[in-house]
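Encoded as structure tokens, the structure appears first; notes follow it.
The values are calculated or read from the model by the stated rules, or taken from the named source; none is laboratory data. These figures come from a predicted structure and were not determined experimentally. Cβ coordinates were reconstructed from backbone atoms using ideal geometry, including for glycine residues, and neighbour counts include every protein chain displayed. For the accessible areas, the whole protein counts, side chains as well, though only heavy atoms, and no ligand, DNA or RNA atoms are used. Shrake-Rupley method; radii C 1.70, N 1.55, O 1.52, S 1.80 Å.
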Amino acid sequence: MPMSEHVAGPLGILGGTFDPIHFGHLRLAEEARDALGLATVRVIPAGQPPHREQPGTGAEDRLNMARLAIAGVPGYELDDSEVVRQSPSYTVLTLRRLRTELGAARPLVLILGADAFLGLPSWHEWEEILPLAHIAAGTRPGFSLDAAIMGPVLASLFSTAHGSAADLTAPAGRIVPFDMTALDISATGIRATLAAGGSARFLLPDAVLDYIETHHLY
Ligand code: ATP
């Protein structure tokens, strides 16, 4: 279970399949922390990701890799709840669980890469997400946050709810874009490189790469 929150201030939430976790994920979280003044980022690996094919790698291995990636790093904590539960890892359910755990007043900030943000309207009960948390959308190579690309429903929400770091004292309700260092790293690319016998060093933490080698993943 996650450690209880001792630090006041906005809590960042980084969900993902993390198959495997890599520096794109970690810089997304770190630059969100920096740009938006997040006290802590909670890393939540999905057990059964609902929006995609089931990952080839077991939830326990994906959780272990995420644990290794943030081990000893101040400001990060791992949340294994999605892996422990057997049902699909819908973000809205995760946010409701966090609200129950942390109360109505704590600012929650769901951190998404631009590709994930653009896919939001396909998520389960997606219109219930913003009342529960802010959304921080980080830039990602190949994905623009232009209204033309968002589609009318998301573009309209974006223009109504658009905010800045200063709005994050409220518990929820704003969409805050932020620029992050462009890192064209994907878990898909890493899996393909490793499957072909190539090197993924410097795309992800050494401890994660060592785990992959020891457990013969990919
Ligand atoms: P896959 O290649 O298997 O689809 P992925 O590398 O995109 O995986 P996910 O676990 O699906 O990783 O992504 C979790 C979150 O991290 C999403 O919000 C996604 O937008 C974001 N993210 C992943 N890679 C990057 C990156 N290189 N830059 C910015 N955001 C990223």
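For this structure, a couple of remarks:
- In segment 3-30, the residue that is modelled with the lowest pLDDT out of those that are more than 16 Å from the ligand (Cβ to nearest atom), in contact with a Pro (Cβ under 9 Å, 6 or more places away or on another chain) and not aliphatic (A, V, I, L, M) is Gly9.
- Restricted to segment 170-186, and to residues there that are in contact with a Pro (Cβ under 7 Å, 6 or more places away or on another chain) and modelled with pLDDT of 95 or more, the residue that is surrounded by the fewest Cβ atoms within 10 Å (Cβ to Cβ) is Ala170.
- Pick from segment 200-211, criterion assigned to a loop (DSSP other than H, G, I, E, B) and crowded, with 16+ Cβ neighbours inside 10 Å, ranking: nearest to the ligand (Cβ to nearest atom): Leu203
- Members of segment 74-114 that are surrounded by fewer than 14 Cβ atoms within 10 Å (Cβ to Cβ) and not polar (S, T, N, Q): Pro74, Val84, Gly103, Ala104, Ala105
- The strands (runs of 3 or more DSSP E) found entirely in segment 24-119 that carry 3 or more residues being closer than 13 Å to Ala136 by Cα and touching a strand residue (DSSP E or B) at 6+ places or on another chain (Cβ under 9 Å) are 108-113.
- Any chance Thr214 is within 14 Å of the ligand (Cβ to nearest atom) and at pLDDT 95 or above: no
- Restricting segment 122-151 to residues that are under 22 Å from Val92 (Cα atoms) and open to solvent by 40 Å² or more (accessible area, probe 1.4 Å), the residue that is nearest to the ligand (Cβ to nearest atom) is Ser122.
- Where Ile13 falls short, out of the listed (1) in a helix (DSSP H, G or I); (2) within 9 Å of the chain's Cα centre (by Cα): (1)
- Look at segment 147-165: where a residue is closer than 12 Å to His134 by Cα and a partner is part of a helix (DSSP H, G or I) and aromatic (Phe, Trp, Tyr), sitting 6+ places away or on another chain with Cβ atoms under 9 Å, you get Phe158/Phe117.
- Criterion violated by Gly197 - all others in (1) farther than 25 Å from Pro20 by Cβ; (2) away from the ligand (no atom under 16 Å from the Cβ) satisfied: (1)
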